[in-house]
Amino acid sequence: MRTYAIILFFLCGLSCNAQKQEAQKCIESFFEGFHQRDSTKIKLVCADKMILQSISESTVKGNKLSNESAKEFYKSIASIPASMKFQEKILSYNIQIDGSMAHVWAPYEFYINDKLSHTGVNAFTLFREKDSWKIIYLIDTRRKS
């Protein structure tokens, strides 16, 4: 009986780890599309009614919450000039899963033309749709260095 309990515990751990890897791969695909300025690739991992919000933090101007529609977001990605070099460097992933919902906390540094522009954290909420994760909500903080 004890052997079965150990095997069951081990298999549950493997399943949970595999789901976390799938959720992380969803976020990595999002950023691959982002860095390639490819809104079509980004759409593959996003729900049709994805919600996007940003919190800009400033000691001078105060904190500001802004909303962006998915349509506006995709348009802004496609309109980034080819001459602009940018990179959002994800520093770590903290992934929590409960059934068909996942939450991914991902601190980042954002660079424009190799210069640090701002830092913050991305908080993604994902929904498991059929056999894949879809981003349904993204909020990030942005603070200047």
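The values are calculated or read from the model by the stated rules, or taken from the named source; none is laboratory data. For clarity, every value in this text was computed on a predicted model and none was experimentally measured. Positions of Cβ are backbone-derived with ideal geometry, glycine not excepted, and every protein chain shown enters the neighbour counts.
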* Asked: For segment 62-145, which fully contained strands (runs of 3 or more DSSP E) count at least 1 residues that are farther than 26 Å from Ala18 by Cα and of a type in the set (Asp, Glu)?
  -> 64-68, 101-112
* So which residues in segment 96-145 are under 15 Å from Lys49 (Cα atoms) and either at pLDDT 95 or above or not acidic (Asp, Glu) (or both)? -> Phe124, Thr125, Leu126, Phe127, Arg128, Trp133, Lys134, Ile135, Ile136, Tyr137, Leu138, Ile139
* **Residue list for segment 85-128, restricted to those being surrounded by fewer than 15 Cβ atoms within 10 Å (Cβ to Cβ), closer than 25 Å to Arg37 by Cα and acidic (Asp, Glu)** => Asp114
* To do: Tell me, please, whether a residue that is loosely packed, with under 12 Cβ neighbours inside 10 Å, under 30 Å from Ala18 (Cβ atoms) and in contact (Cβ under 8 Å) with a residue 24 or more places away in the chain can be found in segment 47-60.
  => yes
